[in-house]
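The values are calculated or read from the model by the stated rules, or taken from the named source; none is laboratory data. Since the structure is predicted, the reported quantities are computational estimates derived from the model, not experimental observations. No Cβ is skipped: glycine too gets one built from the backbone with ideal geometry, and neighbour counts run over all protein chains shown.
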DNA sequence: CTCAGTGAATGGAACGTTTCAATTGGGTTG
DNA sequence: CAACCCAATTGAAACGTTCCATTCACTGAG
């Protein structure tokens, strides 16, 4: 059924080498011959065999992208950035979902290596990933996504410490003095850094982190976990007046559960998220969040990867770090007890569907 | 750098055939020998070459999944269903984003065919896709996703006509008599069917569709297009009291713009979406929507595909059709002029963060 | 002691390309 | 007219596997 170059060649009355040339070096073959070959291809419905091609060439036209959660709009936006750049450069992207699970991640990395992808873009599940080093050593370029890599490796990231800091600084400026961090495990670098930033913000304000910051550690960075965190918060953290969630999925899940429990946001509790996914702005209480340049992140990562893959000679490892910015919306209001020092967002933007413009402080 | 079976063989002191057997038929090789070979593999960091493997075998362990928009949570949920099933069956999934663009779709299909993927799952951009038939004819199984296929082909879908019907029936029962459809182009089968269902609902209610239904056709099924539709609506459709959006992304974009323009939902305008994506429930005005079993859809599709791929002999083409269900939330309220005949959702659920339970009519 | 039988390992053909050195057949030059 | 050159084409080796028909070394039966 599937016909090969041999069939095309004999139908067109040429040698297989010529067929190959039509495909890869059209300028080398006489227009008339080329036309004959192309006609034969058309007639037979010939589709070149990628496996054979890349077996011979030693490299494929595919890239691997491993993300923590395809369901999280943050990652799909990143993926789109990667895809657009790759597409333009003639590469296809294999999108893999590690689901925050180490073994799934390992399995996918294996598949990608077997496929001899041109390179791998990954947001690793665990902090240290020795296998990534091994993969590099075996010759597959790896670019770390959303994480500042160690030396000898490209990476693209957003300054998460700064992100955590501006989020918590914002809450402090609203008068909050009891802030709970809803965060993933410290083994995830982003989580650890956002937390560090939060602590730094408190210290810079001349306060004691031990008194100001409470913590809830969640096992996954999704809405379900956010809802669970809300339960814990409602039960055990009555003193808290503000919550900083390590991403928007957590924040949205938390918001939903708070709503169901009758907790007013931001009246009873202020909430700040992270990522600024598209849906954050549309939430029941529009979510204050720390925006990351998602699309650019993906694009930049793909660019680094392909540069390394296509010009290994003059490639220099780079660590791009983007800067996050705070987007203030209705979910973060002043602390109920100290409503004095505030020039924050309009309170009732939450309840009435009036115009709600995003405020991006310079 | 990358070592092959030959290297492993010579290091272990065996023939390449034996190495191959360790990999594919471990039971055929003496435990001692096997151990030696495995040690050699470990030492060399040997990763089998997938290209060579599938060149020889003629088939790969990859599946292609082509969706209209990775950014739409509907598709990521479907993708997750596909992925879980594929993973369990030992397959990897290449996720491609056609972006509702015919040429991107074509390009990806080409890549997938060249890679000799084991099969393709696709939500096609255009209604008739003759190339899909050609792909089938060349031997790659194709399963249509979210679309009832023609005969001689598997497909998995949700009854979109029914979905459109229950959505509009719901609006009619709330007293609405001027309903606007915000819909994608009729070339997309889902859009055409949802529209058909909407018309049927009106006819079944003994009303004249020409009088009841207005239409806004959008060029894409995303939030941006939804917002644009809202503008059009505000400007030109003053008589409309309800809107049925062909998916939730449109509805969310529309809701946002309506909010900015000061239009009250559901007071001034009722809104119903489609898909029931996770974020629909969390929207500023929780969105009434037609729920599709997304995950199951993906799973079922993958199952059909792999059945066809792995047992072509006794495979029978099937057309699975799932049933959608209406999820009523705050965004659909009674028509302001005829508030009498209503036992609908609580109005103020939109403004106050009280408990909002989903109502799923049997 | 021989011979079939068995389990384990071997070696080479084949998969469909790409690449490259070799060949062909005009056309140009001296 | 020989010598040469260039563009176009050819044919075969190589890529790293899998598959299969062989070979090999034993074992137990006759």
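The figures follow:
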{"quantity": "Residue that is within 7 Å of DNA strand C (Cβ to nearest atom) and more than 13 Å from every other protein chain (Cβ to nearest Cβ), where the choices are A:22, A:16", "calculated": "A:16"}
{"quantity": "Tally of residues being more than 10 Å from every other protein chain (Cβ to nearest Cβ) and either within 12 Å of residue A:123 (Cα to Cα) or in a strand (DSSP E or B) (or both) across region A:75-90", "calculated": "1"}
{"quantity": "Positions within region B:287-314 being surrounded by fewer than 24 Cβ atoms within 10 Å (Cβ to Cβ) and in a loop (DSSP other than H, G, I, E, B), in sequence order", "calculated": "B:293, B:311, B:312, B:313, B:314"}
{"quantity": "Residue match in region A:45-67 (condition: more than 30 Å from residue A:274 (Cβ to Cβ), surrounded by fewer than 14 Cβ atoms within 10 Å (Cβ to Cβ), modelled with pLDDT of 95 or more and within 12 Å of DNA strand D (Cβ to nearest atom))", "calculated": "no"}
{"quantity": "Candidates A:44, A:28, A:55 - the one that is more than 30 Å from residue A:297 (Cβ to Cβ) and more than 13 Å from chain B (Cβ to nearest Cβ)", "calculated": "A:28"}
{"quantity": "Matching residues in region A:29-43 - criterion: being over 44 Å from the mean Cα position of the chain (by Cα) and within 12 Å of DNA strand C (Cβ to nearest atom)", "calculated": "A:29, A:30, A:37"}
{"quantity": "Selected residue (only one of A:2, A:35 is more than 11 Å from DNA strand D (Cβ to nearest atom) and out of contact with any helix residue (DSSP H, G or I) (no Cβ under 8 Å at 6 or more places or on another chain))", "calculated": "A:2"}
{"quantity": "Region B:8-27: number of residues that are more than 8 Å from DNA strand D (Cβ to nearest atom), part of a helix (DSSP H, G or I) and surrounded by 13 or more Cβ atoms within 10 Å (Cβ to Cβ)", "calculated": "6"}
{"quantity": "Members of region B:260-281 found to be outside any loop (DSSP other than H, G, I, E, B), in contact (Cβ under 8 Å) with a residue 12 or more places away in the chain and surrounded by fewer than 24 Cβ atoms within 10 Å (Cβ to Cβ), listed by number", "calculated": "B:278, B:279, B:281"}
{"quantity": "Only one of A:114, A:165 that is free of Cβ contacts under 8 Å to residues at least 40 places away in the same chain and within 14 Å of chain B (Cβ to nearest Cβ)", "calculated": "A:114"}
{"quantity": "From the options A:242, A:301, A:227, A:280, residue that is within 14 Å of chain B (Cβ to nearest Cβ), more than 23 Å from residue B:265 (Cβ to Cβ) and touching a helix residue (DSSP H, G or I) at 6+ places or on another chain (Cβ under 9 Å)", "calculated": "A:227"}
{"quantity": "Any hit, region B:100-114, residues being modelled with pLDDT of 95 or more and in a loop (DSSP other than H, G, I, E, B)", "calculated": "no"}
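Yes/no matrix, rows are residues, columns are (1) touching a strand residue (DSSP E or B) at 6+ places or on another chain (Cβ under 6 Å); (2) in a loop (DSSP other than H, G, I, E, B):
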| position | (1), (2) |
| --- | --- |
| B:116 | no, yes |
| B:126 | no, yes |
| B:132 | yes, no |
| B:139 | no, yes |
| B:161 | no, no |
| B:199 | no, no |
| B:210 | no, no |
| B:219 | no, yes |
| B:224 | no, no |
